[in-house]
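One structure is given here, and the rest of the page talks about it.
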Amino acid sequence: MAEIPQSPDGLLQWVLDTAARHGATSADALFVEGHSTEVGVRLGETEQVKRSQQKGVGLRLFKGRSTATTSTSDLDAERLEALIRQTCDAATVTADDPCAGLPDHEAFGGGGDTELDLFDSSVDELDVESALDMALAAEAASRDADPAIENSEGAEMSWGGATMHFANSLGIRHSRRSSSVSLWTTPVAHRGDEMQRDYWYTWSRHRDALMSPEEVGRRAAERALRRLGARKPETCRVPVIFEAPMASRLLGSLAGAISGGAIYRKATYLYDKLGETIAAPSITIVDNPHLVRGPASRLYDGEGLATRPLTVVQDGVLKSYILDTYTARKIGGESTRHASRGLSSTPAPSTSNFWMNPGEQSLEELIASTDRGLFVTELFGFGVNTVTGDYSQGASGLWIENGKLTDAVNEFTIASTLPAMWMGIDGLANDRVTYRATSAPSFRIDGMTLAGA
């Protein structure tokens, strides 16, 4: 048997040709190679150094409207061909699905002109010793911030890069190279018998955009210290401000509720709400895969279609669902070019840089405009039901009295419904960050039930 070509394009063409030889009528394939390193320290000592490498092929093939998917890291020609043959045999016995198949040929074309700047060679050049120094500096900065911080869960730094190559039987070829680097630390604050922890982190595609280790440590320390002395609040109904990281989690729940899989299964409270008002008029949400250095930027989706910015919610009105080819066919629509996939998975709709537009006031101004209420800094549990729209989660945070943050509060739940929460947003801060793929600013909901003492 002839050897597999060494180039990524040659390898993918060999995989597609082999699938066709064993009966596939169409197919697409990925070749991914990457590496990552992670270092961890605790209390000034090195705890771990991990390195990993990835190289593999993922194949999705069709026999008519029946499909099968496989992946492997074994690139031996004989074994890879045997796997492809078995995958073709598997497609023979799977059910026929009229919505299955590659995107229509006319859907391809366009895109590719924007420079997204997703790869930084200096990330590859980062050495373990330098990374350990940065992690140690972050942890030291948090421990030096206040005598109450006597302990730490450590600090970690991770970095790496990956290259993804895509090809399909229609002759479409794409590739993407990316890098990422992150640093975080988790200090523990003590007061008497009380112990509280919190964290902060920084992430970027490029090393020069990282927050300094000292700033990461300082912010983590501030967050841990402000949790000391927490009390259980009384049951009441008050305005609630979700800090930006928690607001981003709520935005992520919205992304799941408008995903094509939930829509065609009618397993979401937003089924059949296209064109209707689902949020306050101040809410506009855009999914933009073309942001330079964006955490989820991409010129092409997981099916090889050129991506486009998409306004999902405009002035509170739901303008679009998030669809790949399959889910679009299930509801009689067109793909919004949001397919995402891994080596071993089939494409599924997924957002890219899914961002809510920020407001004009600072977080401090938003808090100052709240006479009495709750500032949520952490959420617990799985009480977000995007099928029914019910919402109930454990939370902790800071109490607001006369427009000022006062004491810490914990051991309570907040409850409402997702439709009421989105419609009840009456204040937006300007603190949305650019290093989260799903990113919202801090926002205030006019009233939620707080179940406490």
Worksheet item: Is one or more of the residues making up region 56-79 modelled with pLDDT of 95 or more, among the charged types (D, E, K, R) and assigned to a strand (DSSP E or B)?
Response: yes
Worksheet item: Does region 369-386 include one or more residues that are at pLDDT below 95, open to solvent by 30 Å² or more (accessible area, probe 1.4 Å) and more than 21 Å from the chain's Cα centre (by Cα)?
Response: no
Worksheet item: Do the conditions hold for residue 406, that is, is it open to solvent by 50 Å² or more (accessible area, probe 1.4 Å) and without any contact (Cβ under 8 Å) to a residue 12 or more places away in the chain?
Response: yes
Discussion item. Restricting to region 247-268, count the residues that are touching a strand residue (DSSP E or B) at 6+ places or on another chain (Cβ under 7 Å), closer than 24 Å to residue 334 by Cβ and not in a loop (DSSP other than H, G, I, E, B).
Written reply: 4
Worksheet item: Inside region 168-218, can you point out the residues that are within 15 Å of residue 154 (Cα to Cα) and open to solvent by 40 Å² or more (accessible area, probe 1.4 Å)?
Response: 184, 197, 199, 201, 214, 218
Worksheet entry | Among residues of region 330-369, those that are over 30 Å from residue 401 (Cβ atoms), of a type outside the set (S, T, N, Q) and not in a loop (DSSP other than H, G, I, E, B), counted | 6
Response to the item:
Residue hits (region 426-446; open to solvent by less than 10 Å² (accessible area, probe 1.4 Å) and under 13 Å from residue 241 (Cβ atoms)) are 427, 429, 440, 441, 442, 443, 445
Worksheet entry | Single match in 392, 396 (criterion: touching a residue at least 12 places away in the same chain (Cβ under 8 Å), touching a strand residue (DSSP E or B) at 6+ places or on another chain (Cβ under 6 Å), open to solvent by 10 Å² or more (accessible area, probe 1.4 Å) and among the hydroxyl-bearing types (Ser, Thr, Tyr)) | 392
Item to complete: May I ask you to list the residues in region 409-425 that are open to solvent by less than 60 Å² (accessible area, probe 1.4 Å) and either in a strand (DSSP E or B) or in contact with a helix residue (DSSP H, G or I) (Cβ under 8 Å, 6 or more places away or on another chain) (or both)?
Response: 409, 410, 412, 413, 414, 415, 416, 417, 418, 421, 422, 425
Worksheet entry | Lone qualifier among 241, 283 - being assigned to a strand (DSSP E or B), touching a residue at least 12 places away in the same chain (Cβ under 8 Å), in contact with a helix residue (DSSP H, G or I) (Cβ under 8 Å, 6 or more places away or on another chain) and open to solvent by less than 30 Å² (accessible area, probe 1.4 Å) | 241
Discussion item. Residue under question is residue 364, and the condition is that it be touching a Leu at 6+ places or on another chain (Cβ under 9 Å), at pLDDT 95 or above and farther than 30 Å from residue 73 by Cβ; does it hold?
Written reply: no
Worksheet item: Has region 13-31 got at least one residue that is assigned to a strand (DSSP E or B) and open to solvent by 20 Å² or more (accessible area, probe 1.4 Å)?
Response: yes
Response to the item:
Considering region 291-321, residues that are farther than 26 Å from residue 101 by Cβ and touching a Pro at 6+ places or on another chain (Cβ under 6 Å), and then whichever is surrounded by the fewest Cβ atoms within 10 Å (Cβ to Cβ), we arrive at 315
Fill in: Hits in region 49-94 - residues which are closer than 24 Å to residue 160 by Cα, in contact (Cβ under 8 Å) with a residue 40 or more places away in the chain and β-branched (Val, Ile, Thr)
49, 57
Practice prompt. Filter region 61-107 down to the residues that are under 27 Å from residue 3 (Cα atoms), more than 32 Å from the chain's Cα centre (by Cα) and among the charged types (D, E, K, R), then identify the one that is surrounded by the most Cβ atoms within 10 Å (Cβ to Cβ).
Written response: 63
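The values are calculated or read from the model by the stated rules, or taken from the named source; none is laboratory data. Just so it is clear, the structure is predicted and the values come from calculations on it, not from any experiment. Neighbour counts are summed over all protein chains in view; Cβ atoms, including those assigned to glycine, are modelled from backbone coordinates with ideal geometry. Calculation scope for accessible area: heavy atoms of the full protein, side chains included, ligands and nucleic acids excluded. Shrake-Rupley method; radii C 1.70, N 1.55, O 1.52, S 1.80 Å.
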